[in-house]
1. From LYS53, LYS161, which residue is assigned to a helix (DSSP H, G or I) and free of Cβ contacts under 8 Å to residues at least 12 places away in the same chain?
2. Within region 61-78, which residues are of a type in the set (A, V, I, L, M), in a helix (DSSP H, G or I) and modelled with pLDDT under 90?
3. Give me the pairs: first residue in region 278-297 and within 16 Å of VAL78 (Cα to Cα), second residue buried (at least 24 other Cβ atoms within 10 Å of the Cβ) and among the small types (Gly, Ala, Ser), beta-carbon distance under 6 Å, and six or more apart or on different chains, which are they?
4. The conditions are (1) at pLDDT 85 or above; (2) open to solvent by less than 70 Å² (accessible area, probe 1.4 Å), and VAL272 fails exactly one of them. Which is it?
5. Within region 50-107, which residues are touching a Pro at 6+ places or on another chain (Cβ under 6 Å) and open to solvent by 20 Å² or more (accessible area, probe 1.4 Å)?
6. Can you tell me which residue in region 316-370 is modelled with the lowest pLDDT, limited to those that are outside any loop (DSSP other than H, G, I, E, B), within 16 Å of VAL85 (Cβ to Cβ) and among the hydroxyl-bearing types (Ser, Thr, Tyr)?
7. Any idea which of ILE45, ILE8 is outside any loop (DSSP other than H, G, I, E, B), at pLDDT below 80, on the phi < 0 side of the Ramachandran plot and open to solvent by 80 Å² or more (accessible area, probe 1.4 Å)?
8. Which condition number does ALA313 fail, the rest of (1) at pLDDT below 90; (2) out of contact with any Pro (no Cβ under 6 Å at 6 or more places or on another chain) being met?
Amino acid sequence: MDFVSLFITDFIAQLQSPTLAFLIGGMIIAALGSELVIPESICTIIVFMLLTKIGLTGGIAIRNSNLADMILPALFAVVTGIAVVFIARYTLAKLPKVKVVDAIATGGLFGAVSGSTMAAGLTVLEEQKIPFEAWTGALYPFMDIPALVTAIVVANIYLNKKKLKESPALAMEESLSKQPVAAGDYPSTRQEYLSQQKDPDDNRVKIWPIIEESLRGPALSAMLLGMALGLFTRPESVYKSFYDPAFRGLLSILMLVMGMEAWSRVGELRKVAQWYVVYSVIAPFIHGLIAFGLGMIAHYTMNFSMGGVVVLAVIASSSSDISGPPTLRAGIPSANPSAYIGASTAIGTPIAIGLCIPFFIGLAQAIGGK
């Protein structure tokens, strides 16, 4: 009963907070047909500043902290990101009218991290004066990159197997082409040998290009830049005078934009199976609970704060809205963006911000007795 009352209290507080209020406001004015348009260039600058601030916070904190304290939470972030993809592969993909590739891409997007949701969670914790490690924002890439890489690898493995099953003759031809050559056809030089060994139809998925694409994405680039500056330089003066004071105001504008974007994406879900709606409502809680449970292990073994456990759960409940979509479009071009982007932006993000943040804060307070 304590948890329920804490959740309701936190949820009401969230409704009154600028973070969720602006998100709901954006959805309302979009539903009413407002012609308000915030230029994409402004949104890009806002996202850059928010994630740079989070990176600076994490970098400064890492510089002043014991790196050993980060090992277990970072490992759990990696495990959660990978697990989310396989959950979608063996649950969502099994549901009627859901294509396997679309389900895997959806799992990848939900396993990746939303910078805006993470920023909202950190803001709420600060407003409620719940202590957490300042470096928890640095867990972002440890969950984001493994999820995107896993989704692209799993999807391509599935597509390659499907291709071979549908083309047994092609598979036989490829098998025969790999048989030993005649004695008189042996290569005379090492270069000739290597060229013969190279398979022109090699469909193996290359991991590094996926990681490189993720690292080059605007979200991770901004946050990693901020982290590097906070770690190796002394940016405290500009941090305190500019980035920190502007953070909440910029976040409210981004929430307004995301609310409008969420409403515009609702129509896309009508083009795909309705199971995506069910998944988008339930998955953020399941993913968050997995991360929350792992975070509790770190809490009891490494003195990881309850606020840090909440941050880990919140980023697990989020779904990428900046770096994830373009990475998946490039890595899994056959997946339907209406399915995974619609599920994430239209439902997943509002659920993560509006319900999961107060849910996990209430759960942490009920367990921690605060």
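The values are calculated or read from the model by the stated rules, or taken from the named source; none is laboratory data. Just so it is clear, the structure is predicted and the values come from calculations on it, not from any experiment. Note: ideal-geometry Cβ built from the backbone for every residue, glycine included; neighbour counts use all protein chains shown. Heavy atoms of the whole protein, side chains included, go into the accessibility calculation; ligands, DNA and RNA do not. Shrake-Rupley method; radii C 1.70, N 1.55, O 1.52, S 1.80 Å.
1. LYS161
2. Answer for region 61-78, where residues must be of a type in the set (A, V, I, L, M), in a helix (DSSP H, G or I) and modelled with pLDDT under 90: ALA61, ILE62, ALA68.
3. The qualifying pairs are HIS287/ALA316; HIS287/SER317; GLY288/ALA313; GLY288/ALA316; GLY288/SER317; ALA291/ALA313; ALA291/ALA316; PHE292/ALA313.
4. VAL272 satisfies every listed condition except (1).
5. VAL78, ILE82
6. THR327
7. ILE8
8. The one condition ALA313 does not meet is (1).
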